Amino acid sequence: MITELGHFALILAFLTAIAQAVIPLIGAHKRWPGWMAVAEPAATVQFLLTTIAFAALTWAFVTSDFSLRLVTLNSHTDKPMLYKITGVWGNHEGSMLLWVLIVTLFGGAVAWFGANLPPTLRARVLSVQAMIGAAFFAFILFTSNPFLRMASPPFNGQDLNPLLQDPGLAFHPPLLYVGYVGLSMTFSFAVAALIEGRVDAAWGRWVRPYTLAAWLFLTLGIGLGSWWAYYELGWGGFWFWDPVENASFMPWLISVAMLHSAVVVEKRESLKSWTILMAIIAFGFSMVGAFITRSGLLTSVHAFASDPERGQFLLLIIAVAMIGALTLFAMRANVMQARGVFSPVSRESGLLLNNILLSVSCFVVFIGTMWPLVAEMVFNRKLTVGPPFFDAAFTPFMVALGLALPIGSMLPWKRATLGRIMRQLTPVFMLAVAIGMLAWAMQTGRSALGPMGLFLGAWLVGGALVDIWSRTGRGSGRPARLFRLPRADWGKAVAHAGFGVTVAGIAAMVAWEKEDIRVMQVGESMEIAGYALRLDDVGREQGPNYNAIVADFTLSRDGREIGQMRPEKRNYPVAQMPTTEAALNNGFLRDIYVVIGDPQDNGGWAVRTYYKPLANWIWGGTILMAIGGALSLSDRRYRVAAGTRRTPKPAASDEDVQGSKGVPAE
Amino acid sequence: MKRLVLMLCLVATPLFAVQPDEVLDDPFLEQRARDISADLRCLVCRNESIDESNAELARDMRLLVRERLLAGDTDRDVVEYIVDRYGEYVLLNPVMSGSNMVLWLAAPVMFGAGVLMAGIYVRNRSRTREDDIAKLSEAEKTRLREILKN
């Protein structure tokens, strides 16, 4: 009964979306207030109906209703409650329902908090958002309906994939989806602005919170996914350049570029067409991500149960959205004329460089991901593009970005002199070089990767500190003023510093990792990077829906015990699948990572041990970036004055621009 | 929610990637073997190198690499030997030749084009005078008149 209610709610939501897509659009065109006003209640209703559908599906999972095909395929009565709930989106149909739920949530957000938008723009934004919603509702209802029943329900289910039964992966998809789908909002804003024929500073400001929110969740989602891969897959890798990882990374890169170029639209009324293009492309990449995961076109370790019909439907949605938006874009090129004037050395130019580097690095990821397909179809070459290519082709652009960032972020608008900024940054630069040299001296005969990474990390973190300090002005009372700076300033500094921390972490881990593979007897000890590891015991344990081999290790240094480590090797009998649960000893400067393997003929156990320097910095930096985004999002300018249409001051003098402190999110 | 196929590799053989019995006695030779196998793809897995893969085939390929190294092959000989048997598909690092040059050169060319276009844009921006664009268009004038009338 509840299932049927959910199914019915989903159909109603689809119909509501169609109405919301059509009526407000006509209303906005004809300036009929009544028709435009349909948008807000429709958005609310659409969200509520989708919530009902989602709740109904969740209920079916929680109560293990095996008359539902989806529940049978992905659940089991013995599964812990947490994974019964997360199992809702641990499959294709359920994850699409979550996707569309978030689409309606963002639509609802505009309806509830968008009172400051001009009525026509709001109606059009909601209409475009509803078009996206309708397309995905149709996709769910016609190709991947989660509410299909079974003719004869089995006694128990086939269990969720054991790799997904993990807290890290349980919350990875929802975060990522909020990010992906958040970009649908910027897409809707871009298309609505194009229909409206008006792209100005106010638009730049309205769209910013949504871009920030989408980017923030993408950052968290990607970070969580990478952290999961690190501790779950058993060899401590954190990024594989897998097509599906790339699919989430491309929208991230584009949304970073868009965040920065939208600032130029907001402050200086330039880079408008570029920003609109980025908004369209970012959502395009989000949908390509959904397509890659579900079409089976590109082989991937992530590939969902792939189905050509679904792939074609998704491709159709992408084609219509992209061709439509880009045609509109070409037709309205005239409304996106730049107004601001700036010299070659200015923050505008710095942000332009930022955008070039980010979009080119996104292009590297794109062509690398798609090349196997192109090579096979066009050149009849069956080949692979793997991590070595991405490492070689992607890294130079990131290094260039890291080098330029501290300088670019301190440049004033319109016209700048490099000399003054260089003087402020010299101490930090010297310090960073010293750290890099020190690292170079301490390592013997290895690549320049580690020292370079530490140099960049120090340069970025130091640059962010100098940047925020320089905003406190001159004279006494600077420390006090530091805490009165707008949150967006802090957000910028924290996010930039976070990038530096991540860069340092990645470089150190890749360059200085140590690995040890051996057979150990119970009672035996080994040494890695100055730490001693003793295998105390190996036993068997029974989990709720798995059985495990559990090893007890004691980690010590200089005879002093640091901790116990218990790696597991689990076997899930229902899914007939083993997983490795690595044991980690986390530290500020290093992780020790132990994996227990198979029993050997001589009674010993295969043991893999890793020493991972600065491992946690990778995710620490990611969290810092997200905190930076959250700080920026909470800046009062976006809450209080977000709606007031600013009159741009084209004649602002240089002193004005440099003297105006606390302009958010520069 | 993803990585389903990864497990196909795990299902077949619940092993580790590199096994202790595979490791060569000569650490220098072993390091070479690791470096080579990190760039070779496991054919039955998706996007995993033979160094990371748990599949039986990957183990065979790892042993083959070590065998060739012990026989005195150079790194290059070993890779060629593997490619001869398994095809270009095993190379995770696409070779820089023929049509693959498009792949390798695409980004640098794109970057060059981007910088060039940005350069033109910036030049344009820095030469425009604010007065030129601050003027109202015909449509804006009409709209202004409308607003003033009301």
task: Looking at (1) within 23 Å of the chain's Cα centre (by Cα); (2) within 14 Å of chain B (Cβ to nearest Cβ), find the lone condition where A:ASP200 falls short.
output: (1)
Considering residues of the range A:532-559 that are of a type outside the set (A, V, I, L, M, F, W, C) and in contact (Cβ under 8 Å) with a residue 60 or more places away in the chain only, the residue surrounded by the fewest Cβ atoms within 10 Å (Cβ to Cβ): A:PRO544
- prompt: Among all residue pairs at least 6 apart or on different chains, which show Cβ distances below 6 Å where the first residue, located in the range A:362-391, is within 26 Å of B:ASP51 (Cβ to Cβ) and the second is among the charged types (D, E, K, R) and part of a helix (DSSP H, G or I)?
  reply: A:LYS382/A:GLU376; A:LEU383/B:GLU88
- request: Go through the range A:416-496 and tell me which helices (runs of 4 or more DSSP H), entirely inside it, have 2 or more residues that are over 30 Å from the mean Cα position of the chain (by Cα).
  value: A:418-442, A:478-482
- prompt: If you scan the range B:49-63, which residues turn out to be in a loop (DSSP other than H, G, I, E, B) and touching a Gly at 6+ places or on another chain (Cβ under 9 Å)?
  reply: B:GLU52, B:ASN54
task: State whether one or more residues within the range A:473-485 are over 30 Å from A:LYS84 (Cα atoms), more than 14 Å from every other protein chain (Cβ to nearest Cβ) and modelled with pLDDT of 85 or more.
output: yes
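If you scan the range A:606-623, which residues turn out to be among the hydrophobic types (A, V, I, L, M, F, W, C) and surrounded by fewer than 23 Cβ atoms within 10 Å (Cβ to Cβ)?
Hits for the range A:606-623 are A:ALA606, A:TRP619, A:ILE623.
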message: Exactly one condition in (1) hydroxyl-bearing (Ser, Thr, Tyr); (2) part of a helix (DSSP H, G or I); (3) within 9 Å of another protein chain (Cβ to nearest Cβ) is false for A:THR384; which is it?
response: (2)
- line: Among residues of the range A:240-251 being touching a residue at least 60 places away in the same chain (Cβ under 8 Å) and within 13 Å of chain B (Cβ to nearest Cβ), the residue surrounded by the fewest Cβ atoms within 10 Å (Cβ to Cβ) is A:TRP241
- request: Read through the list (1) closer than 15 Å to A:PHE106 by Cα; (2) modelled with pLDDT under 85, then give the number of the only condition that A:VAL181 fails.
  value: (2)
query: Which residue pairs have Cβ atoms closer than 6 Å, lie 6 or more positions apart in sequence or on different chains, and pair a first residue in the range A:488-510 that is over 25 Å from A:TYR230 (Cα atoms) with a second residue that is at pLDDT below 90 and among the small types (Gly, Ala, Ser)?
result: A:ALA488/A:ALA665
- prompt: Could you list, in sequence order, the residues of the range B:23-37 that are free of Cβ contacts under 8 Å to residues at least 24 places away in the same chain, under 20 Å from B:ASN93 (Cβ atoms) and either at the interface with chain A (Cβ under 10 Å from one of its Cβ atoms) or basic (Lys, Arg) (or both)?
  reply: B:ARG34
message: So for the range B:23-45 (the condition being modelled with pLDDT of 85 or more, within 30 Å of A:GLY168 (Cα to Cα) and assigned to a loop (DSSP other than H, G, I, E, B)), does at least one residue qualify?
response: yes
field: Tally, over the range A:240-252, of residues that are part of a helix (DSSP H, G or I) and farther than 13 Å from A:LEU212 by Cα
entry: 8
- prompt: How do the helices (runs of 4 or more DSSP H) wholly within the range A:1-120 filter down when requiring 1 or more residues that are of a type in the set (Val, Ile, Thr) and either under 23 Å from A:MET131 (Cα atoms) or within 14 Å of chain B (Cβ to nearest Cβ) (or both): which remain?
  reply: A:2-30, A:39-62, A:81-86, A:92-113
query: Within the range B:76-93, restricting attention to residues that are part of a helix (DSSP H, G or I) and in contact (Cβ under 8 Å) with a residue 24 or more places away in the chain, which residue is farthest from the other protein chains (Cβ to nearest Cβ)?
result: B:VAL78
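Could you list all residues from the range A:320-348 that are in a loop (DSSP other than H, G, I, E, B) and either away from chain B (no Cβ under 14 Å) or over 30 Å from A:MET410 (Cα atoms) (or both)?
Listed by number, the list holds a single entry, A:ARG332.
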query: Is it the case that some residue within the range A:594-603 is within 30 Å of the chain's Cα centre (by Cα) and more than 12 Å from chain B (Cβ to nearest Cβ)?
result: yes
query: Of the residues A:SER67, A:SER75, which is polar (S, T, N, Q) and touching a strand residue (DSSP E or B) at 6+ places or on another chain (Cβ under 8 Å)?
result: A:SER67
In the range A:560-597, the residues that are without any contact (Cβ under 8 Å) to a residue 24 or more places away in the chain and either aromatic (Phe, Trp, Tyr) or more than 30 Å from A:ASN74 (Cβ to Cβ) (or both): A:ARG560, A:GLU561, A:GLY563, A:GLN564
- request: Evaluate the following for A:LEU373: is it surrounded by fewer than 21 Cβ atoms within 10 Å (Cβ to Cβ), under 27 Å from A:ALA247 (Cα atoms) and more than 9 Å from chain B (Cβ to nearest Cβ)?
  value: yes
statement: Taking the range A:157-191 and keeping only residues that are outside any helix (DSSP H, G or I), more than 10 Å from every other protein chain (Cβ to nearest Cβ) and buried (at least 24 other Cβ atoms within 10 Å of the Cβ), one is left with A:GLY157, A:ASP159, A:GLN165
message: Can you go through B:MET110, B:MET96, B:MET101, B:MET117 and tell me which one is in a loop (DSSP other than H, G, I, E, B) and either closer than 26 Å to A:VAL378 by Cα or within 13 Å of chain A (Cβ to nearest Cβ) (or both)?
response: B:MET96
task: For the range A:342-359, name all the residues that are surrounded by fewer than 24 Cβ atoms within 10 Å (Cβ to Cβ) and either of a type in the set (A, V, I, L, M) or without any contact (Cβ under 8 Å) to a residue 60 or more places away in the chain (or both).
output: A:PRO344, A:VAL345, A:LEU353, A:ILE356
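Run down A:VAL256, A:VAL288 and say which single residue is out of contact with any Leu (no Cβ under 6 Å at 6 or more places or on another chain) and β-branched (Val, Ile, Thr). Can you show your working first?
Details: A:VAL256 fails: out of contact with any Leu (no Cβ under 6 Å at 6 or more places or on another chain).
Testing whether each residue is out of contact with any Leu (no Cβ under 6 Å at 6 or more places or on another chain) and β-branched (Val, Ile, Thr) leaves just A:VAL288.
The values are calculated or read from the model by the stated rules, or taken from the named source; none is laboratory data. Note that the structure is a prediction, hence the values are computed from the model and not measured. Neighbour counts are summed over all protein chains in view; Cβ atoms, including those assigned to glycine, are modelled from backbone coordinates with ideal geometry.
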